[in-house]
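Notes for the one structure printed next.
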Amino acid sequence: MEGVQGSGIITGIRANNLLIENNIIANNGFAGMPDGIRLEGEIHNSAIAGNQIQNNAGSGIYAFKPEGKIAIEDNLISDNSKRFRRAAIFLMGSDRLVRNNQIRNHPGAGIVVAAVPNSERVFMTDNQFTNVKGLSIDLISQQRSGVQNYHNGDGINPILTEHHRRRQAANYGINAPRFDSREFFRFPSGAVNVSGKAESGTRVDLYRVLEEPNEVNLAGPLNVPLASVSTNEEGKFAISLTNLRPGERISAIATHPNYGTSEPALNATIFNYQ
């Protein structure tokens, strides 16, 4: 599917059990609906897997109020938003799985999850982001719901503790992990002891951050997965890593089985222990 004036693939009223697999979806949407794949209507038990989605005018995948579970796995999504600055993947609705995708060279955010309609249990794990000009994962809040927010996210969320504030954000406002320090030290043995706090009952996935820091990537980008660790009943986590070097930076996301996945943690830097 290449060179279509509108979206390369667009669903309508009903597309249950849809499988979009092993396609090249490129250079679409320059004179109509701009996204490589646009999902609407009923999409129960559908999957988008193993595709190359590149050089489209808008998002690689844009899900506009679809109903039903969908899995987005093992895709290469790169160099999209050639006409409109949108997220590489934009999702509305609940029960989504976004796993093991490569998201590269994008002028907007990586994965954006809307707050309206209510979006929960959006699980985003093992994805890798390269040269993304926004948050790797951006959970929108209802308080920031302008047109640009709904195309490209609203940036880093504050820590949310009140129920009424949390339910107004995507994935029930699950908070990003918070490292105990913005600096961790590498001991002569090569070990780096990383610790922090996240929601209790979550799995924390640590990522290596390879790109240089700027005003956009204070949190992430989530370049390369490093390791995973579970939180205790108080939400604390700790892990010892031996594959980090001085000067490298790390980030993390948290995934809760009832809420979904968080935004990235503010980065921490590794230094040699003096």
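So, how do all the Cα-to-Cα distances of segment 167-274 break down into 10 Å bins, in percent, from 0 on up?
Per 10 Å bin, starting at 0, the Cα pair percentages come out as 16, 48, 29, 6, 1.
Starting at the first residue of segment 231-239, write each ³J(HN,Hα) from the Karplus equation 6.51 cos²θ - 1.76 cosθ + 1.60 with θ = phi - 60°, in whole Hz, x for Gly and Pro.
7, 8, 4, 8, x, 7, 9, 7, 8
Asn193 label point, 7 Å along Cα→Cβ, cut-off 15 Å on backbone N: hits in segment 221-241?
The answer is 237-241.
Name the most mobile residue of Val224, Val122, Val132, meaning the one with the largest mean-square fluctuation, in a Gaussian network model of the chain with Cα contacts below 10 Å.
Val224
What residues qualify as long-range amide H neighbours of Met33, i.e. H under 5 Å apart, gap of 5 or more or another chain, H built at 1.01 Å from N?
Those lying under 5 Å, H to H, from Met33 are Ser7.
Gly50: net charge of surrounding residues, Cβ under 9 Å, Lys/Arg +1, Asp/Glu -1, itself excluded?
Result for the neighbourhood of Gly50: -3.
Let a ≥ b ≥ c be the square roots of the eigenvalues of the Cα gyration tensor of segment 40-100; is it rounded (a/c under 1.5), or, if not, prolate (a/b larger than b/c) or oblate?
Here segment 40-100 falls in the oblate category.
Collect residues whose amide H, placed 1.01 Å from N in the peptide plane, falls under 5 Å from the amide H of Gly260; neighbours closer than 5 in sequence don't count.
It is Arg121, by chain and number.
So, R0 is 45 Å and r is the distance between the beta-carbons of Asn258 and Arg83; what FRET efficiency does that work out to, to 0.05?
0.75
Could you check the simple spin-label distance between Arg99 and Glu21, using points 7 Å along Cα→Cβ, in nm with one decimal?
About 1.5 nm separates the two model spin labels.
In whole Å, what is the distance between the alpha-carbon centres of segment 14-77 and segment 174-234?
31
Would you mind computing the Rg to Rh ratio of segment 59-137 from its alpha-carbon coordinates, Kirkwood style for Rh?
0.94
Determine the shape class of segment 1-68: with a ≥ b ≥ c the square roots of the Cα gyration tensor eigenvalues, call it rounded for a/c under 1.5, and otherwise prolate if a/b is greater than b/c, oblate otherwise.
Oblate.
If you project the alpha carbons of segment 1-116 onto the principal axes, what extent comes out on each, in Å, largest first?
Per principal axis, max minus min of the Cα coordinates gives 29, 29, 24 Å.
Determine how large the accessible area of Asp74 is when every protein chain is in place; take a 1.4 Å probe and give Å² rounded to the nearest 10.
For Asp74, solvent-accessible area is about 80 Å².
Measuring with a 1.4 Å probe in the full set of protein chains, what accessible area per residue, in whole Å², belongs to the chain?
43
When you count, for each residue, the other Cβ atoms within 10 Å and take the mean per peptide, how do 49-57, 23-31 rank with the highest first?
49-57, 23-31
So what does Phe187 come to for accessible area, using a 1.4 Å probe and Å² rounded to 10?
About 70 Å², rounded to the nearest 10.
Leu266 versus Ile13, label points 7 Å from Cα toward the beta carbon: distance in nm?
It is 5.1 nm.
Given the -39500 (n - 2.57) contribution per DSSP H run of 4+ residues, what per-residue ellipticity at 222 nm results for the chain, rounded to the nearest 500 deg cm²/dmol?
It lands at -500 deg cm²/dmol.
Of the listed peptides 261-270, 160-169, 200-209, what is their order by residue-averaged count of other C-beta atoms within 10 Å, with the highest listed first?
261-270, 200-209, 160-169
Starting with the highest mean, order 226-233, 108-115 by the number of other Cβ atoms within 10 Å, averaged over the residues of each peptide.
Ranking the peptides 226-233, 108-115 by packing returns 108-115, 226-233.
Run the numbers on the chain and let me know its relative contact order in percent, using alpha-carbon pairs under 8 Å that are six or more apart.
13 percent.
At R0 = 30 Å, how high is the FRET efficiency between Thr161 and Glu211 if r is their beta carbon distance? Nearest 0.05 is fine.
Calculated value: 0.45.
Return the single residue from Pro66, Pro107, Pro188 with maximal mean-square fluctuation; model: Gaussian network over the chain, springs between Cα atoms under 10 Å.
Maximum fluctuation in the GNM of the chain, among the listed residues, is at Pro188.
Going by accessible area, probe 1.4 Å, with all protein chains left in place, what is the ranking of Ile239, Ile103, largest first?
The ordering from most to least exposed comes out as Ile239, Ile103.
For the chain, what is the percent of antiparallel DSSP beta bridges, rounded to the nearest 5?
Rounded to the nearest five, the antiparallel share is 35 percent.
The values are calculated or read from the model by the stated rules, or taken from the named source; none is laboratory data. Remember, it's a predicted structure, so these values are computed and weren't measured experimentally. Using ideal geometry, Cβ is built from the backbone for each residue, glycine included, and neighbour counts are taken over all protein chains shown. Each accessible area value is taken on the protein alone, full model and side chains, heavy atoms only, with ligands, DNA and RNA left out. Shrake-Rupley method; radii C 1.70, N 1.55, O 1.52, S 1.80 Å.
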